[in-house]
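Here's a structure for you.
The values are calculated or read from the model by the stated rules, or taken from the named source; none is laboratory data. Since the model is a prediction, treat every value here as computed from it, not as a measurement. In this analysis, Cβ positions are derived from the backbone assuming ideal geometry, glycine residues included, and neighbour counts consider all displayed protein chains. Just so you know, the surface numbers come from the protein's heavy atoms only, side chains and all, with ligands and any DNA or RNA stripped out. Shrake-Rupley method; radii C 1.70, N 1.55, O 1.52, S 1.80 Å.
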Amino acid sequence: MTRFPDWLFVLLAAAPCAASAQGASIAPHAVVIDDRLRSSTVTLYNPGAQPIEVTVGTTYGYPVTDSSGQFTLRCLDDSTTGSASRWITAYPRRFTLPPLARQTVRLLARPPQELTNGEYWARLAVTTRAASAPIERTDSAGIQVGLALEVRTLLPIYYRKGPMTTSLSFDAASASRLEDSVAFRLLMHRDGNAAFIGQVHATLVDSAGHIVREGRLPIAVYQSAEPRLQFPSAGLGSGHYRLRLEARTERPDADVGALIQAPPIRAEFDVLL
Amino acid sequence: MSSLVAVLIALAGTARGAAQATVQGQQGLTFGFNIPGVNRTIAPTDAVNAGRFYVGHRVGGQVRLTFTLPSTLSKSNGTTLKVTYSSTSAAIQTIGAGSTTTTFNPGSSKTYSYTTSPDIYVKIGGTVQPKSNQQSGIYTGTITLTVAVLQ
Amino acid sequence: MSNFHAVTGRRLAALIALAIVAAPLSAQSASITATATVFRPITISGARNLDFANVFPGVNKSVAVSAATSGRFDIVAEASQAVSLTFALPTTLASGVNSLAIGSWNGCWNATNSTTGCTTFTPSASASNATVGGATNLYVFVGATVLPTAAQVAGAYTGTVSLTVAYF
């Protein structure tokens with residue numbers, strides 16, 4: 001076993017750790033590629049004081065909800081029907097971005113000739129990490145441990161060919177009481193040929209017609225989803241309530257051009273709490 | 001006297017006809033995707049993003065180029081985005097063999113003499129300065145180039 | 001009179017000639033459009049490396065999420081935006097051919113740069129959903145425990161914590 005002199009502890013404690021913020025700002029949040037243009041761009045910017053290494057690629061996947069109603073990304077093989085990732089390429093794919101520098105990444109699509117009308121999906125994967133090591137070795141006898149941080153951002157790519165439509169159906173809503181909240185699961189499926197990106201405005205109305213809870217839930221329904229909506233239960237007595245839902249293709253964060261517009265969809269369900 | 005005046009007017013008329021310049025706006029100035037708080041400069045030599053006009057005239061002729069530049073770009077809801085120009089934000093590029101490029105300040109009129117080629121591009125760049133809380137959206141503005149034939 | 005006419009005629013001719021040379025004979029204009037698109041970006045940064053500093057053979061060492069040396073990722077996006085967080089975590093750290101085991105991971109996220117009142121989760125390859133706060137910031141803290149053996153060879157052990165953020 002290695003023995004350490006006391007003075008070494010002091011030296012190690014004072015050893016600098018290379019730990020400066022590293023990451024990239026990426027815009028836009030969602031990439032739309034029109035079949036007539038077959039290209040688009042994404043801008044990366046390094047707001048930090050250190051250079052970062054960037055790797056850009058595409059993968060296939062789309063949001064689904066898991067058993068608890070949380071949105072998660074289902075990653076699938078590139079060859080899956082509906083995938084655009086195998087014929088969309090990013091340039092450049094690997095580069096170092098100096099501090100306060102920006103880089104435009106071009107996305108070029110080479111779809112198969114027989115591609116039918118519709119929306120095809122991919123995910124832009126941008127991986128960034130510091131160009132420097134997580135720790136600096138200051139001695140040869142001690143044990144130093146450090147972990148570098150790497151971030152990978154997955155943003156949607158929509159490749160659109162022909163007319164796009166989207167809509168949504170609310171199929172069911174179920175309610176359950178949790179410790180300090182009430183949870184609703186909203187079963188919905190998408191209609192049309194494009195993903196329904198937007199938000200649900202939900203209001204809970206008591207038997208007297210008063211709105212007792214209200215909230216918004218961002219949704220991304222590519223095929224079907226059963227997201228969970230949760231309200232605090234304090235003051236909500238047992239009984240019958242009405243859950244009113246309105247889905248709109250609006251999101252405060254989204255570029256309007258990225259959203260296929262649809263008329264508002266409304267539904268109401270009786271729920272027993 | 002009246003015949004002399006008539007001749008001069010006729011000559012002047014002929015000179016005006018021969019002195020016509022052709023001006024075409026060929027390519028818009030594109031600042032692309034921008035991030036709040038981060039300025040972006042497009043050089044007039046940027047072939048993809050710089051604005052471009054074609055100005056044709058005769059060799060030996062002279063024109064005065066005057067830009068009308070927006071100080072802000074606007075969104076449909078009226079929100080504005082600041083845009084500035086430097087002393088080298090505009091450029092004249094001759095077209096043809098031995099093409100040359102000369103930058104100039106688009107804030108002032110520029111006189112150009114056609115010496116080798118009857119065709120030039122007048123290009124325009126600039127800098128957009130999105131505020132850190134700049135609203136997302138598409139901002140547009142109009143850049144006008146006025147070409148006055150001087151001889 | 002004829003002289004007067006001659007002089008007047010010459011002056012007139014000179015004036016007209018001068019007008020031809022000095023004044024613009026014609027002015028034409030054309031316009032183009034200047035366009036800029038502004039997007040609020042999503043920014044994800046590895047803000048602080050997870051640093052165990054010096055460890056000792058045979059003595060496990062933990063870095064809590066609340067520690068000043070815990071790892072921290074910063075996410076800046078639109079307010080109320082839902083994102084999913086998944087981690088790729090090393091099971092060992094390496095120093096050349098030598099390795100050092102990692103026993104466990106812990107994490108929490110918060111809308112402020114503080115672990116007080118943060119939402120805890122266990123970093124893993126399974127997605128954890130988080131919501132970017134009203135201030136458009138999300139801070140993700142990561143801690144872990146390393147398990148050096150009694151015979152752990154001296155060296156600088158490093159690895160990479162990878163956070164994948166999927167934007168919906």
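Around C:L163, with a cut-off of 15 angstrom between Cβ atoms, what is the net charge of the other residues, counting Lys and Arg +1 and Asp and Glu -1?
So the environment of C:L163 carries a net charge of +2.
Against the longest alpha carbon principal axis of chain B, how many degrees, from 0 to 90 and to the nearest 10, is the axis of helix B:2-18 turned?
40
Taking every pair of Cα atoms in chain A, average 1/r, invert it to obtain the Kirkwood radius, and report Rg/Rh to two decimals.
Using only Cα positions, Rg/Rh for chain A is 1.11.
Please list 3J(HN,Hα) in residue order for region A:191-203, calculated via the Karplus relation 6.51 cos²θ - 1.76 cosθ + 1.60 where θ = phi - 60°; whole Hz, with x for glycine and proline.
Residue by residue, region A:191-203 yields 10, x, 10, 9, 4, 9, 10, x, 8, 10, 9, 10, 10 Hz.
While we're here: For B:Q134, enumerate residues with amide H under 5 Å from its amide H, sequence gap 5+ or separate chain, H modeled in the peptide plane.
Under 5 Å from the amide H of B:Q134: B:G37.
From other protein chains only, count the Cβ atoms within 10 Å of every residue's Cβ in A:40-47, then give the mean. List each step's numbers first, then the result.
On the way: counts 1, 2, 3, 9, 3, 8, 2, 7.
Other-chain Cβ atoms within 10 Å of each residue's Cβ, averaged: 4.
Report the rotationally averaged projected area of region A:156-211 based on its alpha-carbon convex hull, in square nanometres. Write down the numbers at each step before the final one.
Values: hull surface 24.4 nm².
The orientation-averaged projected area of the Cα hull of region A:156-211 comes to 6.1 nm².
Of the residues A:L147, A:L186, A:L217, which exhibits the maximal mean-square fluctuation in a Gaussian network model of chain A defined by a 10 Å Cα contact cut-off?
A:L147
May I pose another question? In a GNM of chain A with a 10 Å cut-off on Cα contacts, which of A:Q199, A:Q144, A:Q22 has the highest mean-square fluctuation?
A:Q144
Over region A:39-198, average the accessible area per residue using a 1.4 Å probe and give it in Å², no decimals.
Value for region A:39-198: 40 Å² per residue.
State, in square angstrom and to the nearest 100, the accessible area buried between chains C and A, both chains counted, probe radius 1.4 Å.
Details: alone 10650 and 14770 Å², together 21040 Å².
Chains C and A together bury approximately 4400 Å².
Calculate for chain B the 222 nm mean residue ellipticity that helices alone would give, adding -39,500 (n - 2.57) per DSSP H run of length 4 or more and normalising by residue count, nearest 500 deg cm²/dmol.
-4000 deg cm²/dmol
What is the packing order of peptides A:103-112, B:71-80, C:35-44, A:65-74, taking the mean over residues of other C-beta atoms within 10 Å and listing the highest first?
My ranking of the peptides, most packed first, is C:35-44, A:65-74, A:103-112, B:71-80.
State the percentage of accessible surface on chain B attributable to carbon and sulfur atoms; use a 1.4 Å probe and exclude ligands, DNA and RNA.
Carbon with sulfur: 51 percent of the solvent-accessible area.
List the residues whose amide H sits under 5 Å from the amide H of C:F52, counting only those 5 or more places along or on another chain, with H placed 1.01 Å from N in the peptide plane.
Close amide H contacts, sequence-distant or interchain: A:V145, A:G146, A:L147.
With a 1.4 Å probe on protein heavy atoms only, work out how much accessible surface C and B bury together, total over both chains, in Å² to the nearest 100. Walk me through the intermediate numbers first.
On the way: alone 10650 and 8530 Å², together 16010 Å².
Accessible area lost upon association: around 3200 Å².
Taking both sides together, what accessible area is buried at the A/B interface, probe 1.4 Å, expressed in Å² and rounded to the nearest 100?
Chains A and B together bury approximately 700 Å².
Determine ³J(HN,Hα), in whole Hz, for all residues of region A:224-232 in sequence, where each value follows from phi through the Karplus function 6.51 cos²θ - 1.76 cosθ + 1.60 and θ = phi - 60°; x replaces Gly and Pro.
Values per residue, Gly and Pro as x: 8, 7, 9, x, 9, 10, 10, 10, x Hz.
With a sphere of radius 13 Å drawn around the Cβ of C:F73, what net charge do the other residues whose Cβ falls strictly inside it have (Lys, Arg +1; Asp, Glu -1)? The partial results should precede the final answer.
Working: positive: A:R129, A:R152, C:R48, C:R72; negative: A:E150, C:D74.
Result for the neighbourhood of C:F73: +2.
Taking the solvent-accessible surface of protein heavy atoms with a 1.4 Å probe, what is the per residue accessible area of chain B in Å²?
Values: 6760 Å² over 151 residues.
Accessible surface, normalised per residue, equals 45 Å².
Sticking with this one: With θ taken as phi - 60° and the coefficients 6.51, -1.76 and 1.60, list the Karplus ³J(HN,Hα) couplings across region A:174-182 in order, rounded to whole Hz; mark glycine and proline as x.
Going residue by residue, I get 10, 10, 8, 8, 10, 4, 10, 8, 10 Hz, with x marking Gly and Pro.
Let me ask something else. Just add up the charged neighbours of A:Y60: K/R +1, D/E -1, any other residue whose Cβ is under 14 Å from the Cβ of A:Y60.
0
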